[in-house]
Amino acid sequence: MSENRTVLVSGYAQAPRGTGMSETMTWIGVVLEIDLRTHEIVAADATFVTDLARDFFRRTVLGYRLTDGLEGLAAMIENRIHTPSKNSLQTALQAAFQRYIEARQAGKG
């Protein structure tokens, strides 16, 4: 896939207090690479403490088409990820989704 056919968006939220995540980082971040033609998530990363959690998040969201709306993506997170950081993850994901929508509306994506 040509690099000029994708965009990178990110979103951040405060890490939940009293968790291992909050001991090592202040924020949870989500970064998504989106194919501009299909609006599909082709790469993803999130700031989790463990490699397993990052990999699981990646496998959960890869292939999702953002044109299907935030609700389906949020439901996947709700149904598959059961960690103390889930609410922060969903907030960060919502911020990344919103950045993608704003970029598309501005003709930048």
Filter result for the condition that a residue is charged (D, E, K, R) and either over 16 Å from His39 (Cα atoms) or open to solvent by less than 60 Å² (accessible area, probe 1.4 Å) (or both), over Arg65, Arg99, Arg54 | Arg54
Could you please find all residues in the range 73-96 being open to solvent by 40 Å² or more (accessible area, probe 1.4 Å) and outside any helix (DSSP H, G or I)?
-> His82, Thr83, Pro84
Using beta carbons and a limit of 9 Å, which pairs, at least six apart or on different chains, have the first residue in the range 11-37 and assigned to a loop (DSSP other than H, G, I, E, B) and the second one at pLDDT 75 or above and of a type in the set (A, V, I, L, M, F, W, C)?
-> Ala15/Trp27; Ala15/Ile28; Pro16/Ile28; Thr19/Val49; Met25/Ala15; Met25/Val49; Thr26/Ala15; Leu36/Val7
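Considering only the range 41-51, state which residues are touching a residue at least 40 places away in the same chain (Cβ under 8 Å) and open to solvent by 10 Å² or more (accessible area, probe 1.4 Å).
Selection gives Val42 alone.
The values are calculated or read from the model by the stated rules, or taken from the named source; none is laboratory data. These figures come from a predicted structure and were not determined experimentally. Glycine gets a Cβ as well: all are built from the backbone with ideal geometry, and neighbour counts include every protein chain shown. When the accessible area is computed, the model is the full protein with side chains, heavy atoms only, and any ligands, DNA or RNA have been set aside. Shrake-Rupley method; radii C 1.70, N 1.55, O 1.52, S 1.80 Å.
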